[in-house]
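*Asks:* I'd like to ask some things about the structure below.
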Amino acid sequence: MKHRHFHAIVLIVISLIIVGGLLTPVSAEGLKKVVAVSRFENKTSYSGGGQWDLDTGMADQLTDALIQSGQFTVLERETLTDVISEQDLAQSGRFQQSKSARTGKLTSAQVLVKGTVTEFESKSSGSGGGIGFGGFNIGSNREDAHVGVIIRLIDTTTGQVLASKRVEGKAQSGGMNLGVNVGGVDLKTDSFKKTPLGKATQVAIDNAVEFISAELKNRPFQGRIVKCTGDDVVISAGEQVGACAGDTFAIYSVGEELVDPDTGELLGFEEKKIGSLKVVEVKEKYSKAKLTAGGKGIKAGDTIRYEEKQK
């Protein structure tokens with residue numbers, strides 16, 4: 001009997017460890033990547049209405065899902081209006097006219113996430129006819145919902161698209177049901193989330209988070225030099241991203257832009273490793289550090305990349 005109790009306790013402990021690991025995922029380096037989510041672009045026939053629009057609503061849902069994953073520090077969408085216009089200008093090919101998107105407001109974010117909603121539809125079949133966004137339908141036997149979104153990850157330094165993928169969400173209901181015009185209700189409510197279209201939306205968002213996590217998993221955490229006085233350095237990595245005393249970073253000097261002479265596309269920047277530093281004191285949004293190697297010519301705006309935690 002004692003052995004049985006012991007085995008039961010062991011199984012419970014193992015289960016708690018596994019569940020705990022799933023609920024609090026940690027990046028490979030122990031530092032959360034800083035991402036910004038922009039307003040989505042709506043290319044569907046759904047024009048919005050009621051208390052929810054696809055462009056802002058989907059962005060808010062993705063932002064919340066990324067935060068809940070525990071793997072990222074996410075910048076608020078409301079702060080990105082000017083930055084997005086700068087990024088759009090950069091992607092239009094007029095890079096030399098707009099550098100603030102690469103070196104200014106978004107220096108604390110590694111990646112900008114942009115989404116385009118391509119499908120957002122719900123169809124019914126069976127008795128009672130179909131369901132549309134124009135009103136109610138009672139007695140439909142089955143409702144099929146489909147949501148499609150293109151997710152793009154953009155390097156905030158260069159404006160280059162790092163990765164792009166179309167994610168989908170599908171859901172289905174059966175039996176007697178009541179369909180309701182999604183343009184006249186708040187899609188953030190529990191009542192919408194329980195509908196096939198609400199469930200399909202959530203599946204698409206979950207698939208987007210999975211894609212973003214997989215793409216950024218092996219990218220080293222990247223921040224900036226904020227200030228440098230002698231061997232004393234301030235960096236843009238603090239408690240919010242999981243920085244700890246003892247963390248070490250490599251320092252890279254950002255040099256000349258590399259531009260394709262034919263297309264004018266920014267290909268990247270010349271970089272040179274000029275030193276290393278170790279964190280000695282951590283604040284909420286920044287850390288104080290000491291140079292441990294090199295460092296000649298260090299300046300505000302230079303790049304830092306996570307190396308390892310000091311043993």
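*Asks:* Cross-link list Lys170/Lys194; Lys227/Lys278; Lys273/Lys299; Lys165/Lys193: which exceed 19 angstrom alpha carbon to alpha carbon?
*Replies:* Cα-Cα > 19 Å for Lys165/Lys193; rest within.
*Asks:* Moving on to the next point. What FRET efficiency do you get for Lys285 and Ser213 if R0 is 30 Å and r is their Cβ-Cβ distance, rounded to the nearest 0.05?
*Replies:* My answer for the efficiency is 0.80.
*Asks:* What length, rounded to one decimal in nm, is gained on full extension from Thr229 through to Asp55, with 0.36 nm per residue of separation minus their alpha-carbon distance?
*Replies:* Between Thr229 and Asp55, full extension yields 58.2 nm more.
*Asks:* Here is a further query. Over all directions, what mean area does the Cα convex hull of the range 190-277 project, stated in square nanometres? All intermediate terms of the calculation are to be shown ahead of the outcome.
*Replies:* On the way: hull surface 41.9 nm².
That works out to 10.5 nm².
*Asks:* For Asp64 paired with Ser45, estimate the spin-label separation in nm (one decimal), with each label point 7 Å from Cα along the Cα-to-Cβ line.
*Replies:* Here the modelled spin labels are 2.8 nm apart.
*Asks:* Something else now. State the extension gain, in nm to one decimal, for the chain segment bounded by Ser191 and Glu121, taking 0.36 nm per residue of separation less the distance between their alpha-carbons.
*Replies:* Separation in residues times 0.36 nm, less the Cα-Cα distance, equals 23.5 nm.
*Asks:* What spacing in nm lies between the two simple spin-label points modelled at Lys299 and Cys244, each 7 Å away from Cα in the Cβ direction?
*Replies:* Output for this residue pair reads 3.5 nm.
Read-outs: derived from the displayed coordinates by stated rules, not from any lab. All figures in this text were calculated on a predicted structure; none of them were measured in a lab. Because the Cβ atoms are built from the backbone with ideal geometry, glycine has one as well, and the counts that use them run over all protein chains shown.
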